[in-house]
Structures are given as structure tokens and as C-alpha cells.
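One structure is given here, and the rest of the page talks about it.
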Amino acid sequence: MEIPSKYNPAEIEGKWYGYWMKNGFFRSVPDNREPYCIVIPPPNVTGVLHMGHMLNNTIQDVLVRRARMLGKNTLWLPGTDHASIATEAKVVAKLKEQGIDKSRISREAFLEHAWEWKEKHGGIILEQLKKLGASCDWERTRFTMDKALYESVIDVFIDLYKKGLIYRGVRMVNWDPKALTALSDEEVIYKEVKSKLYYLRYKVEGSDSDWVTIATTRPETILGDTAVCVNPADKRYKKLVGKRVLVPLINRSIPIIEDDYVDMEFGTGCLKITPAHDINDYEIGIRHKLDSIDIFNDNGTLNEKGEILIGTDRFKARDQIIPMLEKAGNVVRIEDYVNKVGFSERTDEVIEPKLSLQWFLRMDQMAKPALEVVMTNTIKFHPAKFKNTYRHWMENVRDWCISRQLWWGQRIPAYYLPNREIVVAKSLEEAYRIAKEKYDLPNLKPEDLHQDEDVLDTWFSSWLWPISVFDGIRYPDNEEIKYYYPTNDLVTAPEILFFWVARMIMAGLEYRNDIPFKNVYLTGIVRDKLGRKMSKSLGNSPDPIELMNRFGADGVRVGMLLTSPAGNDLPFDEMLCEQGRNFSNKVWNALRLVKGWTVDESLEQCEYCNASVKWFEAKMKATIHEINKLYNGYKISDALMAVYKLVWDDFCSWYLEMVKPPYQKPIDKFTYEKTVGFFEALMKLIHPFMPFISEEIWQRLNERQEGESIMVSKMPEAVKYDKAILAAFEVEGQVISEVRSLRQSKNIPNKETIELHVKKNYAEEPDHTFDSVIKKLCNISEIKYVDEKPAGAASFRVKSTEFYVPLESSVDVASEIKKLEEELNYTRGFLKSVEKKLTNERFVNNAPADVVEKERNKQADAEARIKVIEEQIAALK
């Protein structure tokens with residue numbers, strides 16, 4: 001086949017991805033081989049590919065492709081998450097564009113719209129992953145609302161309810177006034193914001209002159225105050241404890257109480273207590289049996305319990321209440337203040353702490369064994385530093401609020417009876433039967449039962465993902481769950497370590513009595529040149545599809561991995577993708593070079609080819625050991641760099657130059673076949689990182705049959721290698737570099753032959769292994785081993801061996817001496833200026849120690865350089 005002069009990823013990538021799909025290379029079914037399994041962190045069904053997905057899925061594909069080439073039965077199972085809040089928001093927005101209000105249609109009608117939206121938009125991100133080269137078993141694609149996965153979630157809810165781990169109760173929750181739903185603690189993102197600290201005074205009831213001053217960032221919430229609290233150790237307020245104060249503007253009488261929670265140093269040492277709208281106030285309220293007054297509607301507007309500003313948005317109410325308080329004489333002062341405020345992860349709305357009747361899952365019992373398997377390295381974190389973060393979360397775990405006030409999701413299987421009892425069951429029919437058996441309700445009809453309107457938190461389906469994708473909840477003894485579970489590796493982001501990773505571990509131990517995966521690889525955050533996290537809102541995130549169109553999928557994959565060690569952020573620059581593309585071009589040009597050689601089967605292998613083949617064979621084997629060690633330590637970026645250097649430096653820059661036949665001359669068959677074999681092995685090593693170009697080159701290096709592919713070929717193994725030849729080439733490589741530098745410095749053209757004289761010291765025996773290689777690469781007519789330095793020769797030293805290049809025939813001696821004398825004069829002048837500084841006592845005594853030390857180093861370097869130049873001049877005269 002004729003090889004195009006330029007590598008064109010656009011022509012190659014689609015061709016080979018279609019070939020892999022057609023031949024079923026991604027497919028996996030249980031057999032007698034060792035399984036290797038990764039379940040994809042399911043992207044939101046609303047999502048499109050971003051840079052974080054690119055990094056995460058590239059790493060997964062690297063691990064999967066390598067395992068496949070190691071002979072394992074490899075499954076990378078893909079799928080998407082129904083993403084309750086995000087998807088419902090998209091559907092509501094779409095309906096609004098059509099003039100439809102969600103509140104005016106039925107649940108069933110809304111879900112029809114939601115499924116329609118999902119079918120139209122839900123597969124976008126998976127199609128984009130194919131362009132990246134993701135080798136997923138697409139026939140196994142799962143969705144968290146699929147029938148089997150939906151039923152698994154319902155079964156788990158019922159089971160945990162029966163075990164007493166799920167309960168319903170009024171608790172302080174994180175309320176999202178935009179999404180109109182409760183959120184778990186992990187779905188709240190805290191940001192520093194510039195606020196105001198308002199000092200407000202409350203009049204002591206029954207007194208004309210006594211006031212109590214409090215400090216708050218939320219003056220609108222005074223309308224829900226039910227106490228003022230001071231620290232029992234605070235002597236300033238001892239006389240006021242037990243008295244009552246009046247809430248400004250509405251004159252509600254509330255008590256002054258004591259509690260150790262109050263920080264005497266913050267503000268005035270007096271704390272307004274609003275149990276319905278602050279988690280700490282809520283807990284104080286429980287301890288002191290205070291009333292709880294919820295002054296907000298679900299959408300964040302004030303309700304009638306606030307008595308004033310009814311129907312006003314909470315932030316507008318804040319602006320409006322201050323002039324009212326000033327007019328009433330209750331504002332003491334206002335200060336600028338920076339504090340942390342909770343925002344909804346999904347809608348970016350400021351969270352409202354709110355008392356709400358919700359469903360919860362008790363976590364403490366499940367957290368203990370899930371903590372133990374990580375701390376004992378039954379599950380290994382890469383990097384291990386995240387174990388401490390994990391431990392902190394698990395030791396401070398709180399009950400999980402699992403209900404969401406939405407329609408898109410798994411509907412909570414709880415049914416309410418007319419007598420206010422609750423029955424949890426899989427269906428209305430089952431709930432009706434249980435109700436008839438359990439309660440004395442002779443006139444009960446099925447239509448009297450009302451199912452809970454809420455759905456379960458999206459993470460309540462995601463935590464079952466490694467089990468439910470194999471239908472291991474409904475059918476715990478099925479062939480697939482027993483073969484693929486536990487999975488091998490999980491690749492994910494540290495920010496969902498508790499959201500998802502910890503909960504999957506809990507679910508795995510609860511329902512399989514086994515861990516869900518053996519290793520967790522935690523990626524870093526992709527950041528821009530300024531260190532900012534890449535995001536749509538900042539406009540600093542490139543379009544991954546556009547990047548792949550410009551640089552090729554392989555180029556982008558390499559670019560993403562070049563600077564992304566596990567757990568460390570990736571400082572992304574498009575130059576990295578350009579480096580990846582340049583690497584593709586380098587390998588392509590190497591293919592064109594090798595396939596352009598003419599082979600002479602009658603030709604004996606030359607001496608320099610023999611040495612070169614032996615050296616590269618040892619070098620590649622040694623690097624395979626290194627690569628395997630890096631993979632085993634999950635140092636994927638370092639493994640790529642090891643392969644990169646082996647291909648670019650050792651194979652392209654050294655080996656091919658070493659064996660390349662002279663212009664228009666043939667190469668011997670043995671060396672050619674060894675070179676092609678090396679090239680094939682290198683493509684296998686690089687295939688996990690660069691699947692497309694490695695397949696194209698592998699197919700071109702030898703004749704292949706239909707159905708053959710590099711991705712199902714055998715990965716080169718780590719075997720013994722010749723360490724002595726590698727050590728010898730370390731020296732000879734330096735010799736070649738020194739000779740080339742000498743040619744450049746002496747202006748000796750490469751086409752002009754030179755002699756190289758070698759003087760061994762300390763009775764060392766000469767090693768002739770690479771003499772022929774040195775002669776070829778340096779255009780040396782003869783290598784002589786001598787006992788004395790020849791006259792008129794330039795010299796250099798490598799370790800204890802001295803090397804000389806006679807210059808009489810090659811160099812204009814007079815011109816060379818003149819050039820050296822000019823350099824000598826300049827260096828002496830430089831030394832004089834440095835010595836002048838160092839003999840100046842004021843400089844030496846007053847300048848920083850490191851500055852003085854630098855000048856002394858300059859002095860030593862100049863003196864050494866002068867000695868070398870003087871020796872070089874003497875040698876030429």
C-alpha cells in the first residue's frame with residue numbers, strides 16, 4: 001500500500017472505529033478467562049462531552065485496552081444517569097418555551113415529555129465518546145431509569161425500610177428554592193461571598209432603656225426569631241438571662257436563653273435564634289424546646305408567618321427591611337463582611353435551610369465497614385492521600401436525605417392510608433393487600449391509597465450502579481454478577497468521593513457482602529493557564545470535539561495525559577494537544593522511512609546493524625519492565641511518558657538512524673524484519689494511549705487478514721534483557737553526542753570524515769561493541785586506541801576515557817587560535833569584574849548571602865574556563 005505523505009486522522013479514525021465495532025472487539029460475555037471490568041461513571045443524560053469527561057474516559061480506555069491486550073476478558077460497561085434535577089429543569093424549560101406550565105399538567109403527561117426529551121438528547125455524550133475511541137461494550141449500555149435498574153432501586157428502598165434504616169421525619173434540610181427540592185449535604189457547594197453584617201438592637205420587654213444588640217448577615221430572618229441566646233460564661237449578659245425581648249417591627253416577645261454554642265467573640269456575643277432557617281439554631285431550638293416559625297414559601301418568598309413583606313423574595317425582603325429597621329431605630333451599624341454561603345450544585349441557587357418532612361437513610365451503621373475496607377487497603381485509592389479525606393467524611397457522616405420533590409426519577413414506593421399509616425410496597429396492589437392484612441380497615445378500597453409524590457435522590461440509583469448494571473439486586477445469583485463483580489478499577493473525580501464512591505462501597509458490602517471495585521483512580525481537575533477550573537460559565541473550556549477535529553483523537557488523548565498524574569490538577573494548554581499531534585506525525589514519518597527501504601535478502605547483516613538491533617531489543621525489554629511497574633502503580637501519565645521516550649528518542653532518533661542504510665542502498669533482511677518487529681511491538685505498547693494511529697501502522701507493517709486487529713493482539717511481555725549492552729550504550733551515546741558537538745563548535749562539516757583516537761585509563765579494556773555505530777553516526781574514518789594524546793587535536797572526556805579528534809586537516813589552526821584568544825580575553829575581563837565585586841568589603845558584608853555565593857560561583861567557573869582555553873591554545877601551537 002502506498003503510504004500518504006501526511007497522517008490524516010479524519011480518514012483513519014472513523015475507518016478503524018467502524019472496523020472494531022463490526023468485528024465485535026468491544027464485546028464481552030462470561031467465559032473461562034480472567035475478567036477485567038470497569039463500569040463507566042455514568043454521565044448525566046443531559047450532558048455533552050467536556051474536558052473532565054475527556055480526561056476521565058481517556059484513562060479508562062487506556063486501562064481497558066491494555067487489559068484486553070493482556071488476554072483478559074475485558075468489559076467496559078457504558079451508560080447514563082437520569083439526573084433528576086438537571087433533566088427536570090431542562091424539560092420544564094422546554095415546556096415553558098411551548099407555553100406549557102408544569103403545574104398545569106399531570107405527572108404522567110410530564111413524564112411523557114421527559115422521556116421524549118431523553119430519547120432525543122440522551123445519547124449525545126455516548127456518541128461523542130466513540131469519537132474519542134472509547135472501547136465500551138455498547139450493546140450493554142445502561143440507563144438508571146431502565147426497567148431493571150428502576151426496579152432494583154425500588155427493591156433496595158423496600159429492603160432498607162424493612163431493616164429500619166430508612167425513615168420519614170421532619171428535619172432541617174438544604175432547600176433549593178429554584179429546583180423546589182431538598183438536597184443532600186454533599187450537593188451543596190460553599191462559596192465565599194461579600195456580604196454585610198447588620199448589628200440590630202432588640203428592646204428588653206418592660207424596660208424603656210435596656211436593649212440587646214445582635215449581629216446577623218440575614219436581617220430578613222428576624223421575622224422567624226423565637227429566642228436570643230448568650231453564652232452562660234458571658235458575664236455581660238448575666239442580668240438579662242430569663243428576661244424577654246421584642247422582635248423588631250413585629251414586637252413578638254421572645255426569651256433570652258443560655259447555650260454553650262454561642263461564641264462570645266463573634267459580633268456582640270448575642271445570637272438571634274431562628275430554628276426554622278439555620279441548622280445550628282434548629283439544634284439549639286430542640287435543646288431549649290423553642291417554637292419554630294417557617295417564614296418562607298418553597299420558592300423563597302416570605303409567607304404570612306413573617307407578618308410583613310408577604311410574597312416578597314427573600315433577597316428583595318433583605319433590601320426592603322433595612323430602611324424599615326432604620327426608621328424604627330433598630331439599626332446600630334452595618335459592616336462589610338466576607339462569609340461562606342451554600343449554593344445548589346445543580347442550579348447555583350443560594351440554599352435555604354428549611355424544616356421539611358423528608359425521607360432519610362441512616363448512614364452510621366453502613367459507614368463503618370465501608371471505612372474499614374479503605375483504611376485497610378482492601379480497596380486502594382490512587383493517590384493514597386485521599387484516604388484521609390474519605391476517613392474524615394465517613395467518621396462525620398450524617399443521615400442521607402434521599403427524597404426529592406420532583407417527578408423525574410424513581411418514585412418512592414410508600415403509600416399513605418386514610419388512617420395516616422404508611423405502607424411501603426412495590427405496587428399499589430401489593431400495598432393494598434398489605435394494608436388489608438395489617439390494619440382493621442374493612443371499607444378500604446385501592447383508590448383510598450395515595451402514593452408518595454416524591455422521587456428518590458439520583459445518587460440513590462447511582463450507588464447501586466456496579467451491581468444493578470448486572471441485575472445483581474433482582475437476581476443476586478445470576479451468571480454475570482458472579483463473573484464480573486467485584487469490578488477491577490473505578491476512575492472518577494475526588495469531588496464525588498463521598499457522593500458516589502463511598503455510597504457504592506456501602507451498597508456493595510450491604511448487598512454483595514463484597515467490595516464493588518479493587519482500585520479507585522482519582523483524577524485531578526482540568527484547569528486553564530490561569531489555574532481556573534474549566535467551565536462553561538467562565539468560557540475558558542475548549543470544545544473537545546473541535547480539539548479532536550484539529551489535532552486528532554490520538555493527539556488530544558496524549559495531550560490530556562502528558563501532565564495529569566493521579567489526583568493532581570491538569571494545567572491544560574492546547575500546546576499539549578499539538579505535542580500529541582506532532583508525536584503522531586513523528587511515528588507516521590518513521591513508518592514511511594522503514595517501508596521505503598529496499599530489502600536485499602542476500603545481504604549479510606553489517607556490524608553496526610547487529611549492535612544496534614541487540615541494543616534496542618534490550619532497551620525495549622527494559623522499558624517494558626518500567627512501563628508495567630508504572631501501570632501497576634496507576635501512574636498512567638508516567639507510563640505514557642516512558643512509551644513516548646522509547647518511541648521518539650530511542651527508536652526514531654537513535655535506532656532508525658543507527659540501522660538506516662546509506663542513500664539508495666538496500667538493508668539486509670534480518671535487520672529489516674527485526675526493525676518491523678520492533679515497530680509492531682512499539683505500536684502495541686502505545687495502542688492504549690493512541691488506538692487509531694497504532695492500528696493503522698500495525699496493519700501497514702505486515703500483511704493482515706480480515707478480522708485481525710492490534711487491539712486483540714498480545715501485549716509485549718516483560719522478559720530478561722542484556723543490562724551490559726545498555727550500560728555500554730549509555731557511554732557510547734555520550735561519545736556520539738560529544739563528537740557531534742565538537743564538529744559543530746569547530747565548524748567541521750558532517751560530510752567530512754574525521755579520525756577518533758581513544759585513550760583508555762586505569763588499565764581499562766576497550767569495549768568495541770559500538771565502534772561501528774560511532775563510525776557510522778559520526779562519519780569517522782578510523783577509531784584508533786592510543787596511549788598518548790596526539791598533537792593538534794581537540795579533546796573531550798567521557799567518564800575516565802579520553803577522546804581526541806586530530807584537527808590539522810580539518811581546521812584552520814590560525815583562525816581557531818584567534819577565536820580561542822578572543823574568548824580568553826573576554827573571560828579574563830569577566831573574571832576581573834567579578835573579583836572587583838568580591839574584593840569590595842561593603843558588597844561582601846551587605847549583599848544577601850545567596851548573591852555573594854553566586855558571584856563566587858561565577859569566579860570559580862571563569863577560572864576553570866580560562867584554564868581549559870589556555871590548554872586548548874597550547875595544544876594547537
All conditions in (1) in a loop (DSSP other than H, G, I, E, B); (2) touching a residue at least 12 places away in the same chain (Cβ under 8 Å) are true of G24 except (2)
Considering every residue within the range 170-181, establish whether at least one is at pLDDT below 95, part of a strand (DSSP E or B) and more than 27 Å from D259 (Cα to Cα).
yes
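Yes or no: the range 104-114 includes at least one residue that is among the aliphatic types (A, V, I, L, M), under 25 Å from L490 (Cα atoms), surrounded by fewer than 20 Cβ atoms within 10 Å (Cβ to Cβ) and out of contact with any strand residue (DSSP E or B) (no Cβ under 7 Å at 6 or more places or on another chain).
Here is the first cut: in the range 104-114, the residues among the aliphatic types (A, V, I, L, M) are 105, 109, 111, 114.
Now drop any that are not under 25 Å from L490 (Cα atoms), which leaves none.
Within the range 104-114 (the criterion being among the aliphatic types (A, V, I, L, M), under 25 Å from L490 (Cα atoms), surrounded by fewer than 20 Cβ atoms within 10 Å (Cβ to Cβ) and out of contact with any strand residue (DSSP E or B) (no Cβ under 7 Å at 6 or more places or on another chain)), the answer is no, since none of the residues qualifies.
Please find, among V520, V526, the residue that is under 28 Å from Y390 (Cβ atoms), at pLDDT 95 or above and among the β-branched types (V, I, T). Walk me through how you get there before you give the answer.
Details: V526 fails: at pLDDT 95 or above.
Just one listed residue meets the conditions, V520.
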Filtering the range 257-295 down to residues that are assigned to a loop (DSSP other than H, G, I, E, B) and among the acidic types (D, E) yields D259, D260, D263, E265, D278, D291, D294
Tally, over the range 263-300, of residues that are among the aliphatic types (A, V, I, L, M) and open to solvent by 50 Å² or more (accessible area, probe 1.4 Å)
3
The helices (runs of 4 or more DSSP H) lying wholly within the range 793-877 that contain at least 2 residues that are touching a strand residue (DSSP E or B) at 6+ places or on another chain (Cβ under 8 Å) are 849-876
Look through the range 370-396, keep the residues that are surrounded by 21 or more Cβ atoms within 10 Å (Cβ to Cβ) and of a type in the set (A, V, I, L, M), and return whichever of them is modelled with the lowest pLDDT.
M394
Whether any residue in the range 184-199 is open to solvent by 10 Å² or more (accessible area, probe 1.4 Å), closer than 18 Å to F296 by Cα and not basic (K, R) is what I want to check.
no
Can you tell me which condition T221 does not meet? The list is (1) within 30 Å of F498 (Cβ to Cβ); (2) in a strand (DSSP E or B), and all the others hold.
(2)
Among the residues of the range 390-417, which ones are out of contact with any strand residue (DSSP E or B) (no Cβ under 9 Å at 6 or more places or on another chain) and part of a helix (DSSP H, G or I)?
R391, H392, W393, M394, E395
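Return the residue satisfying two criteria in turn: it lies in the range 541-553 and is more than 17 Å from the chain's Cα centre (by Cα) and not in a helix (DSSP H, G or I), and of such residues it is nearest to G133 (Cα to Cα). Break it down stepwise before answering.
Initial filter on the range 541-553 (more than 17 Å from the chain's Cα centre (by Cα)): 543, 545-553.
Narrowing the set further to residues that are not in a helix (DSSP H, G or I) leaves 543, 552.
Values: D543: 17, G552: 11 Å.
This residue is G552.
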Any chance the range 598-607 includes a residue that's closer than 30 Å to L522 by Cβ and crowded, with 16+ Cβ neighbours inside 10 Å?
no
Are any of the residues in the range 523-535 out of contact with any Phe, Trp or Tyr (no Cβ under 7 Å at 6 or more places or on another chain), of a type in the set (A, V, I, L, M, F, W, C) and either buried (at least 24 other Cβ atoms within 10 Å of the Cβ) or within 23 Å of V587 (Cα to Cα) (or both)?
no
If I ask for residues that are open to solvent by less than 70 Å² (accessible area, probe 1.4 Å), within 47 Å of the chain's Cα centre (by Cα) and closer than 16 Å to P219 by Cα, which ones from the range 310-333 would you list?
T312, D313, R314, A317, R318, I321, I322
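Here is a yes/no grid of residues against (1) open to solvent by less than 50 Å² (accessible area, probe 1.4 Å); (2) out of contact with any helix residue (DSSP H, G or I) (no Cβ under 7 Å at 6 or more places or on another chain):
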site	(1), (2)
L302	yes, no
D336	no, yes
R346	no, no
R362	no, yes
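Just name the residue that is nearest to Y483 (Cα to Cα) out of those in the range 75-93 that are free of Cβ contacts under 8 Å to residues at least 60 places away in the same chain and touching a helix residue (DSSP H, G or I) at 6+ places or on another chain (Cβ under 7 Å). Give the steps one after another, and end with the answer.
Residues of the range 75-93 free of Cβ contacts under 8 Å to residues at least 60 places away in the same chain: 90, 92-93.
Checking which are touching a helix residue (DSSP H, G or I) at 6+ places or on another chain (Cβ under 7 Å) leaves us with 90, 92.
Details: K90: 38, V92: 42 Å.
That would be K90.
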Closer than 29 Å to I624 by Cα, open to solvent by 30 Å² or more (accessible area, probe 1.4 Å), assigned to a helix (DSSP H, G or I) and not β-branched (V, I, T): does that describe K714?
no
Select from the range 597-637 the residues that are without any contact (Cβ under 8 Å) to a residue 24 or more places away in the chain and among the small types (G, A, S) and list them in ascending order.
S602
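Which residue is modelled with the lowest pLDDT, if the candidates are limited to the range 781-791 and must be touching an Asp or Glu at 6+ places or on another chain (Cβ under 8 Å) and surrounded by fewer than 17 Cβ atoms within 10 Å (Cβ to Cβ)? Break it down into steps so the answer makes sense when it comes.
Residues of the range 781-791 that are touching an Asp or Glu at 6+ places or on another chain (Cβ under 8 Å), as a first pass: 781-784, 789.
Next, from what is left, pick out any that are surrounded by fewer than 17 Cβ atoms within 10 Å (Cβ to Cβ): 781-782, 784, 789.
Values: S781: 93, E782: 93, K784: 92, K789: 85.
Taking the candidates together, the pick is K789.
Only one residue in D514, D477, D440 is at pLDDT below 95 and in a loop (DSSP other than H, G, I, E, B), so which one is that?
On the way: D514 fails: at pLDDT below 95; D477 fails: at pLDDT below 95.
On inspection, the qualifying residue turns out to be D440.
Output the residue which, of all residues in the range 725-751 that are assigned to a loop (DSSP other than H, G, I, E, B) and not hydrophobic (A, V, I, L, M, F, W, C), is least open to solvent (accessible area, probe 1.4 Å).
Of the range 725-751, the ones assigned to a loop (DSSP other than H, G, I, E, B) are 746-751.
With not hydrophobic (A, V, I, L, M, F, W, C) added as a condition, the list becomes 746-747, 749-751.
On the way: K746: 32, N747: 118, P749: 57, N750: 115, K751: 180 Å².
Looking at residues that are assigned to a loop (DSSP other than H, G, I, E, B) and not hydrophobic (A, V, I, L, M, F, W, C), I get K746.
The values are calculated or read from the model by the stated rules, or taken from the named source; none is laboratory data. Quick caveat, the model's predicted, so the values are computed rather than measured. In this analysis, Cβ positions are derived from the backbone assuming ideal geometry, glycine residues included, and neighbour counts consider all displayed protein chains. Areas reflect the complete protein model, heavy atoms only, side chains present, ligands, DNA and RNA absent. Shrake-Rupley method; radii C 1.70, N 1.55, O 1.52, S 1.80 Å.
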